[in-house]
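Report on the following structure.
The values are calculated or read from the model by the stated rules, or taken from the named source; none is laboratory data. These numbers were taken from a predicted model, which means no experiment stands behind them. All Cβ positions, glycine included, derive from the backbone under ideal geometry; neighbour counts span all protein chains shown. Side chains are part of the model used for accessible areas, which takes the heavy atoms of the whole protein and leaves out ligands, DNA and RNA. Shrake-Rupley method; radii C 1.70, N 1.55, O 1.52, S 1.80 Å.
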Amino acid sequence: MPNSTGGGGCEVVTRQDFSDVTYLLEVRHPLMAKAARPGQFVIVMPHEHGERIPLTIADFDRVKGTITLVIQAVGKTTREMQRDIKVGSRLHSLVGPMGIPSHIGQAKKVLCVGGGLGVAPIFPQARAYKESGAYVIGVVGFRNRDLMFWEDKFRACCDELIVCTDDGSAGIKGMVTEGIREAVARHPDIDECVAIGPPVMMKGCAEATRPYKIRTIVSLNPVMVDGTGMCGGCRVKIGDRVKFACVDGPDFDGHLVDFDDLMFRLQRYRATEREASERFNESCRLRGGPGHGEAEH
Amino acid sequence: MAAKKKKTIRMIPQARTPAHEQDPRERACNFLEVTHSYDVEQAQLEAERCLMCPDQPCVRGCPVNISIPDFIERITERDYRGAYDVITEANLLPAVCGRVCPQENQCEGVCTVGDTLEPVAIGRLERWVGDLAIKEGWSNVPYIEKNDFKVGIVGSGPAGMACAADMAKAGCDVTVFEAFHEAGGVLKYGIPDFRLPNTVVDAEIAKLEKLGIQFECNTLVGRLFSIEQMIEEMGFHAVFVGTGAGYPSFMGIPGESLNGVLSANELLTRCNLMHAREFPNYDTPMQPGKQVVVIGAGNTAMDAMRVCLRLGAEKVRCLYRRSKAEAPARAEELHHAEQEGIEFQWLASPLELLDDGKRNVRGVRCTRMTLGEPDESGRRRPVPEPGSEFEVEADMVVYAIGTNANPIIGQTSKLKLDKRGYIAADAGLATSIPGVFAGGDIVTGAATVIEAMGAGRRAARGMKAFLGLRDTDFIYQDRPAEPVATLFGIDRAEHGYARVRLPR
C-alpha cells in the first residue's frame, strides 16, 4: 500500500548546510525514491498555510528510500524552511516525482553544466549519463570557494570536472560559460549538453553551444501552482509553441526556449513576494533570532 | 399508504418559494455564501408544489436518477431523514449537487409544474436536505459485506467520489488517490466558497470515509506509480481514472504571456485551495486586478469574475463571442453575476492583449461578432464583424474558455486515447486495459459536477460486472418488468452471478 505522505507528512532525515543560503534536506519517501528519475521535480508545501513550491530532485536513494533536495533560501518560503526545518521535522506536503524524466540517450560525450541552484539537480543527470556509458564532463559554477559543495560526488561520476568561481578562488575564474568554452575547445566531439541553473545562466549556456550546434537541454523553473498541468501558470515559449513546463517539460531544447519571456514571467508575483519577504524579516527581527517564541504575525 | 387526494396545478402554491440571498452590494465584498438555504417552513411550502405526477420526468432528467418525487413526498410528510435516505440511494453528495447542478437543464427543466408555472425548486430542496444531514450528522452507512477486491480511484473529484462510494457499498476496499494536498478535486480548488463552501465538501468527504474509503493525498498517479503498476504490482483488481480535463486552453493570440494574464484555473486555485485571498496569513501570492477582463461565459468564467470582484476589482468585464442565449453558465450564476455589477460584452472576442511596455497587460483589443450559420455543436457560429474593433482597459485578463485533456495518464500508461487526447472508453466506460475504467471530464471533456458523478456511477456498474459482483441497483430498484422476470426460478438480473469467495 502506498503510504505516500499519509498521517503527519514526510519526515526529514538529514539536513546539511552548505552555506548561509544553501541547505540540503533528505526526506523519507520510499515510493518516490523508487519512482524518481533524473530531471524530475517535486512540489513542497512546508506547512498548512504555506505555498506550493517546485524543487528539482537533487538525488534519490532507492535503498534508503529517500530523496534529496538542495534549496537556496531566496524567498519567504525557502528562508522560513531554512529557519524551521530540522532533522525529524515533517513537510506538510511533498508530491512528485513530476515532469517528464530527462531522456538519457545514446550520447557518447556529454557536458553537464550546473550553476548556482542548478548544481545539485545536474548531479543525477551526470550520474545517469555515466551509468549509460557516456564520457561525462561536469562544469559547476559557484560565486566563490566557500559556497562549493558536492565536489566529491561530481568527481565520482564525471570523467572530467571543471569548477568555475566568479572570483577565481577555486578552479577557473569566470562563469560556467567559460567552463563550456574550455571544454568545447578540448573536446570538439561533444554530442550533448545539459544545463541547469538560473534562467540567465541557461540562456548563456545555450548561446555558448549554439555556434557548435551541440544539442543543449535546459530545465525550466517557471512559477507554478499544482505541477500537474492544471493551472497553466508555468507556460513557456518554445520556438513558436506554448508549452506547460510541468507536464510537457521541464526539459526543453535550450536553443528554442524564449528565455526573456521566462525571466519576465518569473517576475509575475514579485511585488507580493517582496512584501512576504519583508514581513518575514520583520517577524525574525521581532523574534530576536530563532527559538524566541511565536510572534509570527 | 392511505389514498391521497390527487393534487392539481390549481391546488399547489403558485409562486416558487424564494430563497434568501445576500444583498448584491454586500456580498460582492465577501466570500460568504450568496444563496441561503431554505428554512423548514420554506422547504415545506416548496415541497407542496410537487404534483407527484405519475410520469416523473424529473427522475429521467437527473443524471443520477434520484427518485425526486419520493424525497419531496417525505419532506411533506416531515420525514426528513427519510428524504435524505431516498436521495443518498442515488447521490452521496446532496449538499454539493443542490448547490452546483444546472437544474434548469435537468430535473427542473422537465418538471411538469414548469409547463404552466415556475418549476418546483428541486435543487433548493435537495440542498436543504443535504445541509440538514450535515447539521444533524446523518450519514447513510448501509450494511456492507466485505469482499476481497481492492479498487483504486485516481482523482478525488466528483467522478472519483461517486465511483468510490458505489464500490465501497459493494464491499470493495477502496482507495482514492489525489495529487493535491486536499481531497475534493474541482469542488475544492475550482468552485469558490460563496457558491460551495469548502466546509460542505469536507463534510461530504467525511461521509465517504465512513463508508471505509481511504483518501491518499499528495499522490500523483502516473508519475509516482503507473496505472499498470496498480493492477500488476500493487494488487488493485480494478481502477477508475477520473482525473478531470485540467489543461487550460488559451487562444494563441498575441500578448498571452504578458504578466497579468492567467487561466481561470490558476486564479481559482490560488484563491480557493491555496487561500491567497487571506495573504499574508497564507503564503500563496495573488495580485488582484483593478480592471479585470474575463474571456468566456461558462460557470468557471462566472466564478472567476465574481472572485475578482470580491478581491477588490473596480470593474469586471466578461467577453463572450456569442450572445447571452448561448452562454453555457447556469442561469442562476449568470443572474447573480449581473446583479453584482459584472459588465457583459456579448458578441465580442479578443484579438490581442496589449502591453504596457513593462510586460504587463494594459488592455484588450477586441472585435464585435455576429452569429452566422449553426456549427457542428448546433449553436450559431460567431463571425467577426469587419471594422468593429474596440479596446477595453485591463490590468488582469483571465481565460475561462475551457480545458484540454490532461496528458499525464496518457504519457505514463498504455491506455488508448482518442484523437483529442481524452481517454477512449466504451459505453460502459471500460478502457483499453481490462479492469481499468475512466469517466468524467477526462473522457468527455469539460462538463458538470453531476455529469461527472453520473459517469462515476456508470463506471462503478461496469466495474462490478467486471469483478463479478452483484449490482445492488439491479436487485433492489424497481425496473420495468422483463417479458419473463425469472428464469428457472431465478431473477434474470441475478443470472451469471455466483457468490465468489477468494482466499484471504
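When B:201, B:186 are checked against the criterion of being open to solvent by less than 20 Å² (accessible area, probe 1.4 Å) and within 17 Å of residue B:273 (Cα to Cα), B:201 stands alone in meeting it. Being open to solvent by 40 Å² or more (accessible area, probe 1.4 Å), modelled with pLDDT of 90 or more, away from chain B (no Cβ under 14 Å) and not in a loop (DSSP other than H, G, I, E, B) is a property that holds for residue A:203.
Could you please give the count of residues in the range A:89-99 that are open to solvent by less than 40 Å² (accessible area, probe 1.4 Å) and more than 9 Å from chain B (Cβ to nearest Cβ)?
2
To keep it simple, each residue is scored yes or no on (1) open to solvent by less than 10 Å² (accessible area, probe 1.4 Å); (2) touching a Pro at 6+ places or on another chain (Cβ under 9 Å); (3) within 14 Å of chain B (Cβ to nearest Cβ); (4) not polar (S, T, N, Q).
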residue	(1), (2), (3), (4)
A:14	no, no, no, no
A:29	yes, no, yes, yes
A:32	yes, yes, yes, yes
A:35	no, yes, yes, yes
A:39	yes, yes, yes, yes
A:42	yes, yes, yes, yes
A:55	no, yes, no, yes
A:64	no, yes, no, yes
A:82	no, no, no, no
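Looking at B:215, B:240, just one residue is outside any loop (DSSP other than H, G, I, E, B), within 14 Å of chain A (Cβ to nearest Cβ), at negative phi and over 17 Å from the mean Cα position of the chain (by Cα), and that residue is B:215. Filtering the range B:109-163 to residues that are on the phi > 0 side of the Ramachandran plot and touching a Phe, Trp or Tyr at 6+ places or on another chain (Cβ under 9 Å) leaves only B:155. The number of residues in the range B:171-183 that are open to solvent by less than 10 Å² (accessible area, probe 1.4 Å), within 14 Å of chain A (Cβ to nearest Cβ) and either out of contact with any strand residue (DSSP E or B) (no Cβ under 6 Å at 6 or more places or on another chain) or in a helix (DSSP H, G or I) (or both) comes to 0.
Applying the condition of being within 17 Å of residue B:313 (Cα to Cα) and at the interface with chain A (Cβ under 7 Å from one of its Cβ atoms) to the range B:275-285 and asking which residue is surrounded by the most Cβ atoms within 10 Å (Cβ to Cβ) yields B:285. Evaluated against (1) open to solvent by less than 10 Å² (accessible area, probe 1.4 Å); (2) under 17 Å from the mean Cα position of the chain (by Cα), residue A:102 falls short on exactly one condition, (1).
When residues in the range B:381-406 are screened for being away from every other protein chain (no Cβ under 14 Å), assigned to a loop (DSSP other than H, G, I, E, B) and either under 23 Å from residue B:307 (Cβ atoms) or open to solvent by less than 70 Å² (accessible area, probe 1.4 Å) (or both), 2 of them pass. Every listed requirement among (1) without any contact (Cβ under 8 Å) to a residue 60 or more places away in the chain; (2) outside any strand (DSSP E or B) is met by residue A:102 save one, (1). Restricting attention to the range B:155-170, report how many residues are modelled with pLDDT of 90 or more, out of contact with any Ser or Thr (no Cβ under 6 Å at 6 or more places or on another chain) and either part of a loop (DSSP other than H, G, I, E, B) or within 14 Å of chain A (Cβ to nearest Cβ) (or both). Residues in the range B:155-170 being modelled with pLDDT of 90 or more, out of contact with any Ser or Thr (no Cβ under 6 Å at 6 or more places or on another chain) and either part of a loop (DSSP other than H, G, I, E, B) or within 14 Å of chain A (Cβ to nearest Cβ) (or both): 2 in total. Tallying residues that are in a strand (DSSP E or B) and more than 12 Å from every other protein chain (Cβ to nearest Cβ) within the range A:239-248 yields 0. Looking across the range B:252-274, just one residue is crowded, with 23+ Cβ neighbours inside 10 Å, more than 7 Å from chain A (Cβ to nearest Cβ) and small (Gly, Ala, Ser), and that is B:264. Note on the range A:249-273: residues that are at the interface with another protein chain (Cβ under 10 Å from one of its Cβ atoms) and either in a helix (DSSP H, G or I) or over 21 Å from residue A:200 (Cα atoms) (or both) amount to 10.
Scan the range A:129-172 for residues that are within 15 Å of residue A:116 (Cα to Cα) and assigned to a strand (DSSP E or B) and the total you get is 9. In summary, residue B:266 fulfils each of the numbered conditions (1) touching a Gly at 6+ places or on another chain (Cβ under 6 Å); (2) within 19 Å of residue B:30 (Cα to Cα) with the single exception of condition (2).
Inside the range B:298-336, can you point out the residues that are part of a helix (DSSP H, G or I), closer than 20 Å to residue B:393 by Cβ and of a type in the set (Gly, Ala, Ser)? Of everything in the range B:298-336, those that are part of a helix (DSSP H, G or I), closer than 20 Å to residue B:393 by Cβ and of a type in the set (Gly, Ala, Ser) turn out to be B:301, B:304.
Would you say residue A:217 is part of a loop (DSSP other than H, G, I, E, B), open to solvent by less than 30 Å² (accessible area, probe 1.4 Å) and more than 14 Å from chain B (Cβ to nearest Cβ)?
No; evaluated as a whole, the condition is false for this residue.
Apart from one condition, residue B:424 fits all of (1) touching a Ser or Thr at 6+ places or on another chain (Cβ under 9 Å); (2) modelled with pLDDT of 90 or more; the exception is (2). Reported count of residues in the range B:129-154, each being within 26 Å of residue B:244 (Cβ to Cβ) and open to solvent by less than 10 Å² (accessible area, probe 1.4 Å), is 5. Residues that are open to solvent by 10 Å² or more (accessible area, probe 1.4 Å) and more than 26 Å from residue B:421 (Cα to Cα) do occur in the range B:290-305, at least one of them. A count restricted to the range B:337-360 and to residues that are within 32 Å of the chain's Cα centre (by Cα), in a strand (DSSP E or B) and of a type in the set (A, V, I, L, M, F, W, C) stands at 4.
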